[in-house]
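One structure is given below, encoded as structure tokens.
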Amino acid sequence: MLLFRVCGDIRACSRCPAECRGTCALKIAKAAMTNMSLDLIICSYNRARQLDDCLTTLASQTAPHECWRVTVVDNASTDETSAVVDRHVAAGHLPALTRILETRQGLQEARRRGLTSVSGQWAALVDDDCHLDPGWVTASLAAIKAAPDAGALGGRVVVDWGGRVPGALRRNGWLFAQQDHGSAPREVTALVGTGLVLRREALKATGWMKEPLVADRIGRDVTSGGDVEITQRLLSTGHPLRYDPGMVLRHQIDRVRLERRGVLRLSGGLGFGAAVIRAMEIIESDLCGEAGKTSAELSAWQGMRLRSILTGRSYDWRIHDAFLRGEDGAFAKIAHDQALRNRILGALRRDLR
């Protein structure tokens, strides 16, 4: 059987001259990586220092520049964000680095702008306080190749606390997007938004690109859960979620965010966002004849709160209580906001079509 290789613009068989075979193999490898590309989208608002560190660490990626690109979405920052990006563009160590401006405040608006501005099939949402391991892009491309039908992919997220922190925070790393689903690639039911790799066409089919439900982190507001909405809407349209432990990133946590008052506000914000998604799940369960599907999840949170009370872990209890209070606030809003109820029902009908 003849083995065909690419020699410049000429197709030749395995009998091509020995002296050019190394070149052929290199060109084939580069062509393969060029055909599979990944857009990294970094949304940032008034965090020039963190963004600078993020872009600096990105320069250590081992993947060829031909197979990935970097887009910074500046969410109307008033600090040195634009100057930081300009310096990195001038340095030339990041592939196709560009900055685009999104004047509408909010993480969801910034992400939507980024996802509609890039052209590749796959795009990764990278927070400006994340440091990707040098092989992250290469591992992501390999994970994409292994699961091309996935709606989204995610990897291991290690929280870098930057020093000593209370045990309650380490036990509740989910507050800061900690993620570890084991040592082997597998299909999962949830992924965090930090380092989330999305198949753009799959996401577009859910309707999220036109109208997300959760207003995720607008200015200083801590309402969150936008990543949960994205992944759950992908699941509801039949697009699986995949986890690959080879995709490792380190989430750098600013010490200011670890103050107790801010942590409790963050937990409440996550609870608020989760409640909107839970409302969708409950309605979907009823429509699909699976009433009561989410009751176990609700009781699990109550159980976590009770366990922390019984063990005398008052900080844990406050974290879990803040989350549940956030959920209660969201349910109250849904009950009194007909427009929000209509948006939830509309999104659900689109997802179930």
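The values are calculated or read from the model by the stated rules, or taken from the named source; none is laboratory data. This one's a predicted model, so the numbers in the text were calculated from it and none came from an experiment. With ideal geometry, Cβ positions are generated from the backbone for all residues, glycine too; neighbour counts draw on all protein chains shown.
Quick notes on this structure:
- Flag for ARG307 being modelled with pLDDT of 80 or more, basic (Lys, Arg) and either over 14 Å from ALA279 (Cα atoms) or outside any helix (DSSP H, G or I) (or both): no
- Failed criterion for ARG171 (all others in (1) crowded, with 20+ Cβ neighbours inside 10 Å; (2) under 18 Å from GLY271 (Cα atoms); (3) not acidic (Asp, Glu) hold): (1)
- Looking only at the stretch 52-89, residues that are within 19 Å of MET247 (Cα to Cα), free of Cβ contacts under 8 Å to residues at least 40 places away in the same chain and outside any helix (DSSP H, G or I) come to 3 in all.
- Taking the stretch 202-243 as the range and being surrounded by fewer than 22 Cβ atoms within 10 Å (Cβ to Cβ) and modelled with pLDDT under 70 as the test, the residues that pass are ALA215, ILE218, GLY219, ARG220, ASP221, VAL222.
This table checks each residue for (1) at pLDDT 95 or above; (2) within 14 Å of the chain's Cα centre (by Cα); (3) hydroxyl-bearing (Ser, Thr, Tyr).
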{"residue": "GLY162", "(1), (2), (3)": "no, no, no"}
{"residue": "GLY167", "(1), (2), (3)": "no, no, no"}
{"residue": "ASN172", "(1), (2), (3)": "no, no, no"}
{"residue": "PHE176", "(1), (2), (3)": "no, yes, no"}
{"residue": "ALA184", "(1), (2), (3)": "yes, no, no"}
{"residue": "GLU187", "(1), (2), (3)": "yes, no, no"}
{"residue": "LEU196", "(1), (2), (3)": "yes, yes, no"}
{"residue": "ARG200", "(1), (2), (3)": "yes, yes, no"}
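- Of the residues making up the stretch 140-177, those that are closer than 30 Å to SER37 by Cα and among the basic types (Lys, Arg) are LYS145, ARG156.
- Residue in the stretch 103-119 that is within 30 Å of THR237 (Cβ to Cβ), part of a strand (DSSP E or B) and at pLDDT 95 or above present: no
- Index of the failed condition, ALA291 passing every other in (1) closer than 22 Å to GLY173 by Cα; (2) modelled with pLDDT under 65: (1)
- The combined condition, being touching a residue at least 40 places away in the same chain (Cβ under 8 Å) and either out of contact with any helix residue (DSSP H, G or I) (no Cβ under 9 Å at 6 or more places or on another chain) or among the β-branched types (Val, Ile, Thr) (or both), is fulfilled by THR138.
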